[in-house]
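Working notes, beginning with the structure itself.
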Amino acid sequence: MASIVLRVRLVTGDRLDVTYEESETSQETAVTENAISVLSDPSGVLRARHGDREVVIYGRGVAAIEIEPRGPVL
């Protein structure tokens, strides 16, 4: 299982740090590419974790994302 940390900037200007995981792959680059492709589609939906909570991020509400290690620390 591979996971990455994303800092998501919403179109409202708010920022949210989430952890995104995929069990099918062990490579972080593949997880990163999948997250980018999902969020680039306006109808894309990404399930992630924010602390102990599971959140759903809709592509149409995302303005930008930053990917670790330069971004957030949870």
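Read the figures in this text as sums done on the coordinates, not as results from a lab. Worth saying up front: this structure is predicted, and the values here are computed from it rather than measured. Note that each Cβ is placed from the backbone with ideal geometry, even for glycine, and that neighbours are counted across all protein chains shown.
Once C-alpha pairs closer than 8 Å and six or more residues apart are averaged by separation and normalised to the residue number of the chain, the relative contact order reads 38 percent. Across region 3-14, computed HN-Hα scalar couplings (Karplus, 6.51 cos²θ - 1.76 cosθ + 1.60, θ = phi - 60°) run 9, 9, 10, 10, 9, 9, 9, 7, 5, 6, x, 5 Hz from first to last residue, x flagging Gly and Pro. Collect residues whose amide H, placed 1.01 Å from N in the peptide plane, falls under 5 Å from the amide H of V55; neighbours closer than 5 in sequence don't count. Amide H neighbours of V55, under 5 Å, 5+ apart: A48, R49, H50. Given labels modelled 7 Å from the Cα in the Cβ direction, how far is it in nm from T25 to V11? Calculated label separation equals 2.7 nm. Put simply, the amide H of T25, placed in the peptide plane, has neighbours under 5 Å in A2, leaving out anything fewer than 5 places away on its chain. Model label sites at R49 and A63, defined 7 Å from Cα along the beta-carbon direction, differ in position by 2.9 nm.
Here's how it looks for G44: its modeled amide H is under 5 Å from those of G59, R60, which are all 5 or more places away or on a different chain.
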